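The values are calculated or read from the model by the stated rules, or taken from the named source; none is laboratory data. All values derive from a computational prediction rather than experimental measurement. What goes into the accessible areas is simple: the full protein's heavy atoms, side chains included, and nothing from ligands, DNA or RNA. Shrake-Rupley method; radii C 1.70, N 1.55, O 1.52, S 1.80 Å.
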Amino acid sequence: NADIVYVGTRDDGMRRSVDGGVTWTTISDIPVGEHRYNDKGQLSDTGGGSSIFFDPAGGSNGSRTNIVYASSWGNGIWRSADGGGTWQRISDGNTGPVQAWRSEIASDGTLFAIDRQNGSGAVWRYRGGAWTNVSPTNNIQTLTVDPGNPNRIYAFSGSGEPWRTVDGGAHWTQ
């Protein structure tokens, strides 16, 4: 449905429009992302935003994608199984990523997220309702999942080191 629009913002959290952007409401279940400030009270980071991801493997209800994920910097990741009607927090830093830097959904519905908590760059996998840290190393900056094979993933560290897995993150080669 082209009239349903989600926008993740840095300072206003997750917003939704159901009338093609004419009016907007804040999704109160998902908090505004956290920010860091210096000793003068000035914003000192580039994080703090919210992101949204739609899982095409989750099917749809009419014109709405059933499975939707939303992240809030420093607060974790939420999941909706009813097209964004209700939200459940699925990670909080104790059981999965808290600062999702980059995320991608594989063709089988598996969610991969890079967590930047404390600069770690850890790769997390969400499958079957559980998070697993599948990092080949720390400082991963980006990843991509092969659209034809959800088990083939490529990741790159901040220094440009390439990593590849063909078994969904269980084993990696450089």
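Of all accessible surface on the chain at a 1.4 Å probe, what whole percent is carbon and sulfur? Percent of accessible area from carbon and sulfur atoms in the chain: 45.
Distances between placed amide hydrogens fall under 5 Å for residue 101 paired with 114, 115, 116, all partners being 5 or more residues away or on another chain.
Is the shape of the range 78-169 rounded, prolate or oblate, going by the alpha carbon gyration tensor and its root eigenvalues a ≥ b ≥ c, with a/c under 1.5 for rounded and a/b larger than b/c for prolate? Taking the square roots of the gyration eigenvalues as a ≥ b ≥ c, the range 78-169 is oblate. Structural descriptor for the range 61-133: relative contact order 20 percent, calculated from alpha carbon pairs under 8 angstrom and at least 6 residues apart. Note on surface exposure: 107, 157, 28 rank 28, 107, 157 by accessible area, highest first, 1.4 Å probe. Highest GNM mean-square fluctuation among 106, 130, 155, for the chain modelled with Cα contacts below 10 Å: 130. Relative contact order for the chain: 11 percent, from Cα pairs under 8 Å spaced at least 6 residues apart, divided by residue count.
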